[in-house]
Each structure stands twice: as C-alpha cells, then as structure tokens.
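Right, one structure below, let's go through it.
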Amino acid sequence: MDWKRHLEDCYAAAQAQTEYGVFPVFDTPTSLEALLEVETALKIVFPTSLKDLLQQTNGVFEQISINGEMINSGTFIFPLAELRQLNENFRKKGIEAKDNFNSFLFFGTAGVDGIRFAFKASSQAPNLDDEVYAWYPYEGSFVKMSNSLKDFVCDWIMSKLSV
C-alpha cells in the first residue's frame with residue numbers, strides 16, 4: 001500500500017471540509033533492520049500495516065496553516081525511536097503499577113489528555129491483526145477505535161472518530 005498517498009488523500013479530504021488546513025509531514029523511511037531491532041527489543045511482532053507505513057515514512061507529523069504560515073502542530077504516528085522509547089517506558093511503568101502494557105504496542109497519539117493509540121501486541125509473525133485501540137490513561141482503559149490502520153488514519157484525520 002502507498003501510505004503517503006493514502007495519508008495525503010485523507011488530509012486533502014479533511015481540508016475540503018474545514019476552513020483551515022492541516023498537512024502531513026513525512027520523514028525519511030526507517031529500515032527493515034531498524035524495525036526488526038525494535039521488535040526484538042520489545043519482544044513483539046509489529047502489525048504488517050505499521051511496518052509498511054514506517055518503511056515509507058518514519059512517523060507522521062502535522063502542520064497547520066494559519067494566515068499562510070505553516071506551524072508544527074504535533075505528532076500523529078510516532079517515529080520508530082520514539083515508539084520504542086514510549087513502549088519501553090510503558091512496560092517499566094506497567095510492572096510498577098501491575099498494569100499489563102506488554103499486551104499493547106503504542107504507536108500514536110490523539111494529542112490530548114495523554115491518550116495514545118495502540119495495537120494489541122503479538123509475538124506471531126506475520127502479524128496481520130491491525131485493530132486500533134485508544135488508551136485512556138485517566139480511566140486506565142482501552143477502547144477499540146477501528147478494525148484497521150488504513151481505516152483508522154483516514155477516519156481520525158477526517159474527524160469521524162474522536163476521543
């Protein structure tokens with residue numbers, strides 16, 4: 001799948017519905033070797049969809065256009081290094097708090113209230129399960145958001161989903 005094209009199409013559709021423009025910013029793709037290293041460190045297999053996306057752009061960032069000026073507005077899908085650090089930190093905190101963060105792979109953020117997006121973690125390859133969940137830290141709960149990463153990114157960008 002061409003993730004950049006898919007994301008650009010989703011952002012363009014969202015822009016057509018609003019008075020302001022939010023634009024995706026893509027980064028240099030990550031390597032398969034780097035992905036495998038993080039999978040090994042976290043002891044999980046990434047969903048195939050996330051692997052494909054990160055090999056096309058190492059994270060998805062957003063900029064907003066205000067009066068013709070482009071302003072960085074945040075991260076949507078974490079770059080690999082940040083994804084690794086976040087998941088390692090959650091696993092450490094989970095041990096301390098008796099929460100089982102090992103059951104999830106956090107990959108993105110809602111940009112509000114510490115809410116993170118995640119997949120259920122798997123040690124089986126290939127991992128074709130790419131249901132997306134939102135983790136609500138105040139409630140300590142996970143809520144299913146979408147059946148696939150492909151649908152999730154578009155629905156989130158177009159404000160069909162909310163947290």
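Any read-out appearing in this document is the output of simple, stated calculations on the displayed coordinates, not a laboratory observation. Predicted model only: the values in this text are computed from it and were never measured. As a convention, Cβ positions derive from the backbone with ideal geometry for all residues, glycine included, and neighbour counts pool all protein chains shown.
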| task | Measure nothing fancy, just the Cα-based angle from helix 32-42's long axis to the longest principal axis of the chain, in degrees from 0 to 90, nearest 10. | result | 50 degrees
| Angle in degrees between helix 3-15 and the longest Cα principal axis of the chain, rounded to the nearest 10 | 50 degrees
| What ranking, highest mean first, results for peptides 84-93, 64-73, 17-26 when packing means the other Cβ atoms within 10 Å averaged over each residue? | 84-93, 17-26, 64-73
| task | Quick one: net charge around TYR11, please, counting Lys, Arg +1 and Asp, Glu -1 for every other residue with C-beta under 12 Å from its C-beta. | result | -1
| Dipole in debye (nearest 20) - the chain, about Cα centre, beta carbon charges: Lys, Arg +1; Asp, Glu -1 | 440 debye
| For Cα extents along the principal axes in Å, which listed value, [x] 40, 38, 29; [y] 98, 38, 31; [z] 47, 36, 26, comes from the coordinates shown? | [z]
| request: May I ask you to compute the full-extension gain from GLN17 to LYS93, defined as 0.36 nm times their residue separation minus their alpha-carbon distance, rounded to one decimal in nm? | output: 23.3 nm
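So how do 122-130, 110-118 stack up, highest first, on mean other-Cβ count within 10 Å?
Going from most to least packed, we get 110-118, 122-130.
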